[in-house]
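Accompanying notes for the structure given below.
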Amino acid sequence: THLILATRNAGKITELRAILEAAGLDVELVGADAYPDIPDVKETGVTFAENALLKAHALAQATGHPAVADDSGLCVDVLGGAPGIFSARWSGTHGDDRANLSLLLAQLADISDDHRAAHFRCAAALALPDGTQRVVEGTLEGTLRHTPSGTGGFGYDPVLQPLGDTRTCAELTPAEKNAISHRGKAFRALVPVVRELLG
Ligand code: ITT
């Protein structure tokens, strides 16, 4: 089966390939970049799940192949859950990880260590060309550092320190991150759904 990863985020694609291949899915994974003529869907949902379903459904309809999508972000307690679904465009420029991270750290400059709880959240959606849709979620709880550390991963990884660890997500190996991450949890939960619906 041809399974399309409905994302143009390179960091996500790397992680999703590793997570889905480790789960032993017998599918050919093709990134959305293989379909450059299909315009990006507007993320008009108000939840991670809605946006993940929008992305997966749009690509499944446009290509005629089953598609999986990820909608994810960082939710900071003291900011009432922001940036949340706006994580990729928090600074105003979509996908500018450095600018997004700098703005967030500036906004949290006066917040002490005791009040820097945050979590990553990921919604993983599967959509079939016949309109069938499924979505599951995963989270990774942690605290936010005052300064970035590490070069792995992407996005806000250099500042999120998972509960129970002394390193940031950007200091974990890819396998260590996938084992505990919001994305790893969500997509491992999606695998049996993919098996059930695609065989
Ligand atoms: P696609 O819509 O093409 O998948 P995107 O980057 O626009 O790509 P999202 O709207 O889901 O995707 O935004 C995800 C953002 O959340 C991402 O740009 C990061 O800033 C942040 N994020 C999500 N998962 C993360 C992770 O594992 N580590 C660090 N930051 C993460």
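Quick look at the numbers
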quantity	calculated
Residue that is more than 12 Å from the ligand (Cβ to nearest atom) and of a type outside the set (G, A, S), where the choices are L126, L140, L160, L103	L126
Residue check, H94 in a loop (DSSP other than H, G, I, E, B), within 9 Å of the ligand (Cβ to nearest atom), out of contact with any Gly (no Cβ under 7 Å at 6 or more places or on another chain) and not charged (D, E, K, R)	yes
Near pairs, Cβ below 6 angstrom, 6+ apart or cross-chain, from the stretch 108-119 (over 14 Å from T168 (Cα atoms) and touching a residue at least 12 places away in the same chain (Cβ under 8 Å)) to any residue that is aliphatic (A, V, I, L, M) and part of a helix (DSSP H, G or I)	I111/V78; H115/V78
Cβ pairs under 6 Å, 6+ apart, first in the stretch 140-160 and closer than 13 Å to C122 by Cβ and in contact (Cβ under 8 Å) with a residue 40 or more places away in the chain, second buried (at least 22 other Cβ atoms within 10 Å of the Cβ) and among the hydroxyl-bearing types (S, T, Y)	L140/S181
Residue among T166, T132 that alone is at pLDDT 95 or above, under 30 Å from P36 (Cα atoms) and away from the ligand (no atom under 12 Å from the Cβ)	T132
Candidate set from the stretch 137-171 (those that are among the hydrophobic types (A, V, I, L, M, F, W, C) and in contact with a strand residue (DSSP E or B) (Cβ under 8 Å, 6 or more places away or on another chain)); member that is nearest to A23 (Cα to Cα)	L140
Evaluation of A189 against (1) surrounded by fewer than 21 Cβ atoms within 10 Å (Cβ to Cβ); (2) of a type in the set (G, A, S); (3) within 15 Å of the ligand (Cβ to nearest atom) (one fails), failing number	(3)
In the stretch 117-138, the residues that are touching a helix residue (DSSP H, G or I) at 6+ places or on another chain (Cβ under 7 Å) and of a type in the set (D, E, K, R)	R121, R134, E137
Residue satisfying condition, being away from the ligand (no atom under 12 Å from the Cβ), out of contact with any Ser or Thr (no Cβ under 9 Å at 6 or more places or on another chain) and aliphatic (A, V, I, L, M), within set L5, L20, L59	L20
Pair list, Cβ under 6 Å, 6 or more apart: the stretch 69-90 residue within 18 Å of G153 (Cα to Cα) and near the ligand (Cβ under 7 Å from one of its atoms), other residue assigned to a loop (DSSP other than H, G, I, E, B) and of a type in the set (S, T, Y)	D70/T7; L74/Y156
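Yes/no per residue for (1) in contact with a His (Cβ under 9 Å, 6 or more places away or on another chain); (2) farther than 18 Å from K12 by Cα:
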{"site": "S87", "(1), (2)": "no, no"}
{"site": "S91", "(1), (2)": "no, yes"}
{"site": "D97", "(1), (2)": "no, no"}
{"site": "N100", "(1), (2)": "no, no"}
{"site": "L105", "(1), (2)": "yes, yes"}
{"site": "A109", "(1), (2)": "yes, yes"}
{"site": "S112", "(1), (2)": "no, yes"}
{"site": "L126", "(1), (2)": "no, no"}
{"site": "P129", "(1), (2)": "yes, yes"}
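Here is a yes/no grid of residues against (1) over 17 Å from the mean Cα position of the chain (by Cα); (2) not in a strand (DSSP E or B):
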site	(1), (2)
L101	no, yes
A109	yes, yes
A125	no, no
Y156	no, yes
G164	yes, yes
R183	no, yes
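The values are calculated or read from the model by the stated rules, or taken from the named source; none is laboratory data. Being a predicted model, the structure only gives us computed values, none of them experimental. Glycine gets a Cβ as well: all are built from the backbone with ideal geometry, and neighbour counts include every protein chain shown.
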